[in-house]
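This is the structure I have questions about; it appears just below.
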Amino acid sequence: MAATPNSEDDMLVPKTMLDLLLVTFNCGKDFIEPKSFAAALQHGLGQGAPRTQLPDLVVFSLQEVSPISYAYCGGATLEPYLSKFDEALNLAATYVVSASASTGDGVENDVVGVPPPQPVRAEDFEDVEVPQSSPYTLVRSKNVGMTAVLLFAKDPKQLGKVQEAETGFGVMDMGNKGAVALRTTYFDTQERFTELTFVAAHLRHGEAHVSDRNNNWNTMMAELTFADPKKVLEDLDFEKPTIAALQEQENSDDDELEPDSDRTPLLGPPACTSPHHAGLREKHLVQLHDLSMFKPSSHLFVAGDLNYRISDKEPKECPKPIVFPSFDVPTEDPRHWSHFLSRDQLTIERAAQRTCHGLDEHPIRFGPSYKYKHLRDDEDISHAENANAAREKHEIAWKWASNRWPSWCDRILFFRPGGDHRPVFLRVGVPILTPAEMIPPRTEEGVSPEGAEAGQDVLIGAEVTDPRVRLPVPINVFAWEKRATARRREWIFGWTGRVWSTAEGAVVLVSSVAIVFATWYLYRAWHEAR
């Protein structure tokens, strides 16, 4: 993602670039095998110039990172699952640095996709020893339920303070589905700096639930804040909504939240006419905007299992015969996976400005990342979707799960400057632009003509508002209170689940019963002795 030089304004020409790798992966609620994951990861790490040049930062967006009870408990119960990614990353980085492969003579600043078949396999990492001073250091990890974001750096000293944000939109606002974010400042060696925001998300699943996914996105825009919005507005007098109003908002089937709705506990842009907004001053709106993921002076990356599919119906509900995307046919064949991209729900919803407002995406040059099913040992390899690659390149043979449409669920989107899944990665060069250089020009419509000519936020046939200028939905002032309540529910559900469904829980339960029984027995014996 390289910046375009502008002869009229030299300030927009980045002096240096930050080399960044983002990876999104649905873990299927299980441990990853570090060596196998490293084999896939080394492809993204090896895309620099020279080939052994590692990215400055690596960010993982992880979904279903552990069983739900472990995720809800968090802390030490979740750490064993997250530590596997630290191990895999440093294995892959050590392998890339020590590889004797020839270096390329070109710079690949923009690489996106599912790692193509690689000759590197898990066995190749058996003899790899990570040095005591490992290539990458974990700077921060943060989770909301089963969704986590991990930030690694080659040199942690180049990063400033790390801020966190989270919101849940699962059952009872808990984190079985949700979004979590980190924000930090990167300082280069020339004393320039730029701000970065990384969002990891897991939206509602299912072919038919497009509007629910859009509403999940609306919740992210309104509630994913890096500080408590109420503290910004402490000197303002506003009315807290009733529980009925909150429930009405949550149960709404609307695809979009109206900024001026009088049933929402939200504070929006100056155009809002709700009585709650009458005394709102411009400085408070600016402060609220800066708390959101759309902070104008920050780069933004959104990665995760966004769960948008290529059909509104499950395969069993569609007319027969069902034709799934194929990897083993020529590109011109209608069955080739590339011909199914036009049905992608995320592309359609973005064009209609119902989701991922203002975000861009590299052209998709990889096949669907969901839903894969590995062939059993006794199944004929000819039944695999990747039969040719399995025979010739020793890939793991797989086929599509028959109950789901193969789809591009796992995505990475960004602002341009100015288990049953496969990992998706993005390797980019991020220009080191200061906050002043990042803020887009403002007009009454929200996007300057210059920005439109540069390709920013332009969708054919639609009025475009840059969310860095004007928020698509207002900020929920009570987002932190709502999240704190949901977190208490998660803690209760998490520990209850561990007690009833794990070996450790069984030990605690049996021990508790034994202690109660022993106490009762001793008390009875003492009482009878009297």
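What residue, of E349, E314, is under 23 Å from G206 (Cβ atoms) and touching a Ser or Thr at 6+ places or on another chain (Cβ under 6 Å)?
None of the other options fit; the residue is E349.
Just to be sure, is S311 among the hydroxyl-bearing types (S, T, Y), modelled with pLDDT of 90 or more and part of a loop (DSSP other than H, G, I, E, B)?
So S311 fits the description; yes.
Can you find, within the stretch 204-225, the residue that is farthest from the chain's Cα centre (by Cα) among those that are among the hydrophobic types (A, V, I, L, M, F, W, C) and within 24 Å of W405 (Cβ to Cβ)?
So the residue we want is A208.
Evaluate the stretch 387-410: report whether one residue or more is modelled with pLDDT of 70 or more, hydrophobic (A, V, I, L, M, F, W, C) and under 28 Å from M17 (Cβ atoms).
Within the stretch 387-410, one or more residues are modelled with pLDDT of 70 or more, hydrophobic (A, V, I, L, M, F, W, C) and under 28 Å from M17 (Cβ atoms).
Continuing with this model, one more query. Among the residues of the stretch 187-217, which ones are assigned to a loop (DSSP other than H, G, I, E, B) and either surrounded by fewer than 23 Cβ atoms within 10 Å (Cβ to Cβ) or of a type outside the set (A, V, I, L, M, F, W, C) (or both)?
Across the stretch 187-217, the qualifying residues are D188, T189, Q190, E191, R192, R204, H205, G206, E207, A208, H209.
Could you list, in sequence order, the residues of the stretch 311-346 that are under 30 Å from F294 (Cβ atoms) and surrounded by fewer than 18 Cβ atoms within 10 Å (Cβ to Cβ)?
Of everything in the stretch 311-346, those that are under 30 Å from F294 (Cβ atoms) and surrounded by fewer than 18 Cβ atoms within 10 Å (Cβ to Cβ) turn out to be D312, L341, S342, R343.
Let me ask another. If I filter the stretch 75-82 for residues that are within 26 Å of L413 (Cα to Cα) and either buried (at least 19 other Cβ atoms within 10 Å of the Cβ) or at pLDDT 90 or above (or both), do I get at least one hit?
yes
Let me ask another. Being among the aliphatic types (A, V, I, L, M), modelled with pLDDT under 85 and more than 31 Å from the chain's Cα centre (by Cα) is the filter here, so list the residues in the stretch 486-515 that pass it.
A503, A506, V507, V508, L509, V510, V513, A514
Every residue, every condition in (1) among the aliphatic types (A, V, I, L, M); (2) modelled with pLDDT of 90 or more; (3) surrounded by 21 or more Cβ atoms within 10 Å (Cβ to Cβ), yes or no:
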residue: T4; (1), (2), (3): no, no, no
residue: D10; (1), (2), (3): no, no, no
residue: M17; (1), (2), (3): yes, no, no
residue: L21; (1), (2), (3): yes, yes, yes
residue: D30; (1), (2), (3): no, yes, no
residue: G44; (1), (2), (3): no, no, yes
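The values are calculated or read from the model by the stated rules, or taken from the named source; none is laboratory data. Every value quoted in this text rests on a predicted model; they were computed, and no experiment measured them. In this analysis, Cβ positions are derived from the backbone assuming ideal geometry, glycine residues included, and neighbour counts consider all displayed protein chains.
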